[in-house]
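Participant: Submitted below is the structure of interest, expressed as structure tokens.
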Number of protein chains: 2
Amino acid sequence: MSFSYVSHLYCSKCEKTYSVQEQNQLCECGAPLLVAYKMDELKESFTPQDLLARKADLWRYHELLPVQAAENVVTLGEGMTPLLHMKTIGQDMNIPHLYMKDEGLIPSGSFKSRGAAVGVSKAKELGVKELAMPTNGNAGAAWSLYCAQAGVTSTIVMPIDAPEITRKECTAAGATLYLVDGLIGDAGKIVGQAVKDYHLFDASTLKEPYRIEGKKTMGLEIAEQFGWEVPDVILYPTGGGVGLIGIYKALQELQALGWIAQDKLPRLVAVQAEGCAPIVKAWEEGKSAAEPWQDAETVAFGINVAKALGDFLILDAIKQTNGCAIRVSDEALLKELQAVASAEGAFVCPEGAATFAAARQLREDGWIKQDERVVVLNTGAGIKYPNTIEVDAPVLQPNEKIVKETVK
Amino acid sequence: MSFSYVSHLYCSKCEKTYSVQEQNQLCECGAPLLVAYKMDELKESFTPQDLLARKADLWRYHELLPVQAAENVVTLGEGMTPLLHMKTIGQDMNIPHLYMKDEGLIPSGSFKSRGAAVGVSKAKELGVKELAMPTNGNAGAAWSLYCAQAGVTSTIVMPIDAPEITRKECTAAGATLYLVDGLIGDAGKIVGQAVKDYHLFDASTLKEPYRIEGKKTMGLEIAEQFGWEVPDVILYPTGGGVGLIGIYKALQELQALGWIAQDKLPRLVAVQAEGCAPIVKAWEEGKSAAEPWQDAETVAFGINVAKALGDFLILDAIKQTNGCAIRVSDEALLKELQAVASAEGAFVCPEGAATFAAARQLREDGWIKQDERVVVLNTGAGIKYPNTIEVDAPVLQPNEKIVKETVK
């Protein structure tokens, strides 16, 4: 058995193919490249039983990942995050089979570590020495940290409003960090220029083909955790949308292997914020690509992406799975964040909270049926977003006593 | 097979035993109670192979945990955290077989969730409705969150200097939070009074017997992750010391089951900060209990514990395993925190960084040998401690360019 069954890269729009032995970015036509595997060969020799004795991290699926030599794996133990039955909040929403995939339990406290682990490992394998990327915070933090382990130099550009903790992570890892007084699109332009000026590898979302392979492991894990049965609905907070595209790709690969049924895929739901909903708008208008969103703003900063390079892939995945796109208000998601913490003890990130709010809305609308198995993705730890919670606690002196209020 | 093979509680100092069917706190003699299991019975029916198909969380060891009915388990997916080979920093320290058990990858980003998961589950099983505890921050956060899921009311008292994010977690979970203008000992006195005044269950460190059972799963996991061979040395950042006592208990239980060798235990090392080192002082003076430390202060706030109720248990565990106790300076641990992040991409907490600093020191002293397998415990995620890193990043305007300095 090979460590990886990776075959080649193919364009998501035209017919062109590329080698996985060379550094590649976008296709000549400007579209993202995707990774193909030797599925027929793999199907012969690979079964779910092979996974049983493996470690509980995303490298358990190494045959379906692009890194060809085990010694190039850069890892901090990422993956196989819990899939938790959310009984109380599910009951409250009238979705008794509500599950949360908790990506807070991963290095750097964000699902971005999946993309970084696989992306940086492959970059190392291909001899990349210096890379650059724009970020809304968490991806930059994750890539900085994995680059540190790999010995790859990283230049990160993030909006000044990105979660402050992510600056600290980049700095701790030794990245070269710039803040931009603007949005992630502005950061992207600055990175694009630096890539040209200094011949850096461009690790922007979908401008290198391997980040998506890391993200797809969320889909592999959800299928494995349900015993190779897929749920009915998966809700994903959508900014660049790589996770959603990745989950869709993972499920198609599992179908190709014959590990899940051929006739059912979960309905994929792209969840966006009211203040930045380009995918939802395109979906509602029946378009296959999205227009840039003007004056994007939301407390769920990770999904504050005005224009996604993979918009057409997101819209296609939703369409092919009979899914949908939905927007939620900041008010609704913050209320849900509080409700999930106090009902389930799970302190989720605002982007994760948005998927709960969306599930509630889709159940009320009847789009989600009561008996359906629904998975929401919490893409990061709430502790990275201290500003979502206001504290009002009394301060006692050492010899004071607690006096319980008699009237509540 | 029963879900749990718990038998009874026994005093850590006198001969008295107690039932696991009733709410218990300390022994009548004032010493902590420990949990006993029906090891002879369990030995007959339980093998390492039984674990293979189980989920990668701490409940995989349910036979060795005190919760008797599976439906009382309160869980957020905690446990089976990564054991990572720290190649680069290990080489730098001349400890090629240096491993980090990363407790940052756990709910609430702190190993305190292990104690909370098991402690709250058992409290729920025993009908506890309201509990209270003092904390240096992380334990209070963890207990608040698990209590929220269990439907148990929690009252938390923490020093005003505790990590600010932990206040947010308590509040999000719906706990009643008080800050005290003092140290954890002051918080403990306030809780003690409130427990009397309002008939609350006292969940203070070692004042209830089950938190330690959650913590011991770190020891079970380390043994399982090394294929039921124990490492040579385990370094643990020691405040209340429950983790160290728990790891020692776990290893003794594994010996009783015959799962690990009878003739070898890892040398356990209690790591403290120079500004609060009561256990180290007692160890150096050959005493079996520690004196309260005056004017305790360290950046590693989680181990800022002037007097540990279980001091005699910690000192005994060190002695029985030929271990030691060692103090490190705040300067050394902060330097190590930065070194681990930039060399390995792991952003550890200050308490975890202290164990790296201690390992380096013990290797320099020759106490750790070059070929030994050494495990350091990183007890929490660095992202909970933003103040350990200073950021100095340039701010660009949207149309600016990155200008690389020509002189480095």
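Readers should treat all values here as calculations from the given coordinates under stated rules, not as data from a laboratory. These numbers were taken from a predicted model, which means no experiment stands behind them. Positions of Cβ are backbone-derived with ideal geometry, glycine not excepted, and every protein chain shown enters the neighbour counts.
Participant: What is the magnitude of the charge dipole of the protein assembly as shown about its Cα centre, with +1 placed on the Cβ of each Lys and Arg, -1 on the Cβ of each Asp and Glu, and no other charges, expressed in debye to the nearest 20?
Facilitator: Result for the protein assembly as shown is approximately 520 debye, rounded to the nearest 20.
Participant: Pull up the DSSP beta bridges for the protein assembly as shown and report the antiparallel fraction as a percent, rounded to 5.
Facilitator: 30
Participant: Under the definition of Cα pairs under 8 Å and six or more residues apart, what whole-number percent is the relative contact order of the stretch B:175-325?
Facilitator: Dividing the mean separation by the residue count of the stretch B:175-325 yields 23 percent.
Participant: Over the alpha-carbon set of the stretch A:239-328, work out the extent along each principal axis and list the three values in angstrom, largest first.
Facilitator: Computed over the Cα atoms, the extents are 45, 24, 22 Å.
Participant: I want the local charge near A:Val391. Using Cβ-Cβ distances under 13 Å, sum +1 for each Lys or Arg and -1 for each Asp or Glu among the other residues.
Facilitator: Local charge sum for A:Val391: -2.
Participant: Now for a separate question. Between A:Lys264 and A:Gln23, what FRET efficiency comes out of the Förster formula 1/(1 + (r/R0)^6) with R0 = 30 Å and r the beta carbon distance, rounded to 0.05?
Facilitator: After rounding, the FRET efficiency stands at 0.20.
Participant: Suppose you put the label 7 Å out from Cα in the Cβ direction; list, shortest first and in nm with one decimal, how far B:Asp371 is from each other copy's label.
Facilitator: 6.4
Participant: Let me ask you something else. Quick one, what does Rg over Rh come out to for the stretch B:71-141 if you take C-alpha atoms and the Kirkwood Rh?
Facilitator: 1.16
Participant: A follow-up question, please. Given an 8 Å cut-off on Cα distances and at least 6 residues of separation, report the relative contact order of chain A as a percent.
Facilitator: 16
Participant: What are the ³J(HN,Hα) values, in whole Hz, obtained from phi via the Karplus relation 6.51 cos²θ - 1.76 cosθ + 1.60 with θ = phi - 60°, for each residue of the stretch B:354-369 in sequence order, with x given for Gly and Pro?
Facilitator: 4, 6, 5, 4, 5, 4, 4, 5, 6, 6, 4, 6, x, 5, 8, 8
Participant: Choose one of B:Tyr37, B:Leu65, B:Met80: the residue whose Cα lies farthest towards the positive end of the charge dipole of the stretch B:1-139 (beta-carbon charges +1 Lys, Arg; -1 Asp, Glu; about the Cα centre).
Facilitator: Of the listed residues, the answer is B:Met80.
Participant: Same structure, new question: Given the -39500 (n - 2.57) contribution per DSSP H run of 4+ residues, what per-residue ellipticity at 222 nm results for chain A, rounded to the nearest 500 deg cm²/dmol?
Facilitator: Result for chain A, helices only: -10500 deg cm²/dmol.
Participant: Additional query: Pairs of Cα atoms under 8 Å, at least six residues apart: use those to get the relative contact order of the stretch A:256-408, whole percent.
Facilitator: Computed value for the stretch A:256-408: 21 percent relative contact order.
Participant: Next question, about the same structure. Putting +1 on Lys and Arg Cβ atoms and -1 on Asp and Glu Cβ atoms, find which of B:Ala142, B:Gln338, B:Ile318 reaches farthest to the positive end of the dipole of chain B.
Facilitator: Of the options given, the answer is B:Ala142.
Participant: Separation of the stretch B:86-158 and the stretch A:308-346 by C-alpha centroid, Å?
Facilitator: Their Cα centres are 29 Å away from one another.
Participant: Regarding the stretch A:24-116, what are the three Cα extents along the principal axes, ordered largest first, in Å?
Facilitator: Reported extents, whole Å, longest axis first: 49, 38, 28.
Participant: While we're on this one: Would you mind estimating how fast the stretch B:158-273 diffuses translationally, via Stokes-Einstein at 20 °C and 1.002 mPa s with the Kirkwood radius over Cα pairs, in µm²/s?
Facilitator: Answer from the Stokes-Einstein relation: 130 µm²/s.
Participant: Per residue of B:82-91, what is the mean number of Cβ atoms on other protein chains within 10 angstrom of that residue's Cβ?
Facilitator: The shielding value for this peptide is 2.
Participant: What are the label-to-label distances in nm, one decimal and shortest first, from B:Asp161 to the same spot in the other copies, with labels 7 Å along Cα to Cβ?
Facilitator: Distances to the matching label points in the other copies: 3.7 nm.
Participant: May I pose another question? If you take every residue apart from A:Asn322 with its C-beta less than 11 Å away from the C-beta of A:Asn322, what net charge results, scoring Lys and Arg +1 and Asp and Glu -1?
Facilitator: +2
Participant: Give, rounded to the nearest 20 debye, the magnitude of the charge dipole that chain B has about its Cα centre when Lys and Arg contribute +1 at Cβ and Asp and Glu contribute -1 at Cβ.
Facilitator: That gives chain B a dipole magnitude of about 380 debye.
Participant: Can I ask one more? Relative to the present Cα-Cα distance, how much length would full extension add between A:Glu164 and A:Asp316 at 0.36 nm per residue of separation?
Facilitator: Roughly 51.3 nm would be gained on extension.
Participant: Sticking with this one: For the stretch A:113-168, what value does the Rg/Rh ratio take when both radii are computed over Cα atoms and Rh is the Kirkwood radius, given to two decimals?
Facilitator: Looking at the stretch A:113-168, the ratio lands at 0.97.
Participant: Hey, how much of the P(r) for the protein assembly as shown falls beyond 55 Å, as a percent of Cα pairs?
Facilitator: Here the tail beyond 55 Å accounts for 7 percent of pairs.
Participant: Considering only A:Ile245, A:Leu257, A:Val299, whose Cα is most displaced toward the positive end of the charge dipole of the stretch A:239-303, charges sitting on Cβ of Lys, Arg (+1) and Asp, Glu (-1)?
Facilitator: A:Leu257
Participant: Can I ask one more? Would you mind working out the magnitude of the charge dipole of the stretch B:36-97 relative to its Cα centre, with +1 at each Lys and Arg C-beta and -1 at each Asp and Glu C-beta, to the nearest 20 Debye?
Facilitator: Dipole size: approximately 220 debye.
Participant: If you don't mind, there's one more thing I want to ask. The stretch A:282-330: which GluC sites (Glu not before Pro) are DSSP loop and have at most 15 other beta-carbon atoms within 10 angstrom?
Facilitator: Answer by residue number: A:Glu285, A:Glu297.
Participant: Show me the GluC sites (Glu not before Pro) within the stretch B:355-404 that DSSP assigns to loop and that have at most 15 other Cβ atoms within 10 Å of their Cβ.
Facilitator: B:Glu390
Participant: Within the stretch A:125-204, report the trypsin sites (Lys or Arg not before Pro) that DSSP leaves as loop and that have at most 16 other Cβ atoms within 10 Å.
Facilitator: Taking the stretch A:125-204 and a limit of 16 other Cβ atoms within 10 Å, the loop trypsin sites (Lys or Arg not before Pro) found are A:Lys129.
Participant: Jot down the per residue volume, in cubic angstrom and as a whole number, of the convex hull over the alpha-carbon atoms of chain B.
Facilitator: Each residue corresponds to 165 Å³ of Cα convex hull volume.
Participant: Give me Rg/Rg_expected for the stretch A:129-226, where Rg uses Cα atoms only and Rg_expected = 2.2 N^0.38 Å with N residues.
Facilitator: Relative to the rule-of-thumb radius for its length, the stretch A:129-226 sits at 1.11.
Participant: Then there is this: Output ³J(HN,Hα) for the stretch A:72-86: one whole-Hz value per residue in order, computed from phi by the Karplus curve 6.51 cos²θ - 1.76 cosθ + 1.60 with θ = phi - 60°, and x for Gly and Pro.
Facilitator: 8, 5, 9, 9, 10, x, 6, x, 6, 6, x, 10, 10, 6, 8
Participant: Right, something else. If you build a Gaussian network model of chain B, linking Cα atoms that sit under 10 Å apart, which residue out of B:Pro386, B:Pro134, B:Pro231 swings the most?
Facilitator: Judging by the Gaussian network model, the answer is B:Pro386.
Participant: If I take the Cα coordinates of the stretch A:254-408 and project them onto the principal axes, what are the three extents in Å, biggest first?
Facilitator: On the principal axes, the stretch A:254-408 reaches 67, 39, 30 Å in Cα extent.
Participant: Dividing the convex hull volume of the Cα atoms of the stretch B:156-195 by its residue count, what figure in Å³ per residue is obtained?
Facilitator: Each residue corresponds to 52 Å³ of Cα convex hull volume.
Participant: Please list, ordered by chain and number, the residues whose modelled amide H lies under 5 Å from the amide H of B:Ala273; skip anything fewer than 5 residues away on the same chain.
Facilitator: B:Val328
Participant: In whole Hz and in residue order, list the ³J(HN,Hα) couplings for the stretch B:288-302 that follow from phi through the Karplus curve 6.51 cos²θ - 1.76 cosθ + 1.60, θ = phi - 60°; x for Gly and Pro.
Facilitator: The phi angles translate into 9, 9, 10, 8, x, 7, 8, 6, 4, 7, 7, 5, 7, 4, x Hz.
Participant: Here is a further query. To the nearest 0.05, how large is the calculated FRET efficiency for B:Asp371 and A:Asn94 if R₀ is 56 Å and r is the Cβ-Cβ distance?
Facilitator: Efficiency, from the Cβ-Cβ distance: 0.40.
Participant: Give the Rg (one decimal place) followed by the Dmax (whole number) of the stretch A:186-228, computed from C-alpha coordinates and expressed in Å.
Facilitator: So, for the stretch A:186-228, Rg and Dmax equal 15.9, 49 Å respectively.
Participant: Rule-of-thumb check for the stretch B:320-406: C-alpha Rg over 2.2 N^0.38 Å?
Facilitator: 1.48
Participant: Turning to a different aspect of this structure: Averaged across A:100-108, how many Cβ atoms of other chains sit within 10 Å of each residue's Cβ atom?
Facilitator: Across the residues of A:100-108, the mean count of other-chain Cβ atoms within 10 Å is 5.
Participant: Excluding B:Lys43 itself, calculate the net charge of residues whose Cβ lies under 12 Å from the Cβ of B:Lys43, where each Lys or Arg counts +1 and each Asp or Glu counts -1.
Facilitator: -4
Participant: Using R₀ = 41 Å, calculate the FRET efficiency as 1/(1 + (r/R₀)^6) where r is the Cβ-Cβ separation of B:Lys13 and B:Phe226; round to 0.05.
Facilitator: Computed FRET efficiency for B:Lys13 and B:Phe226: 0.80.
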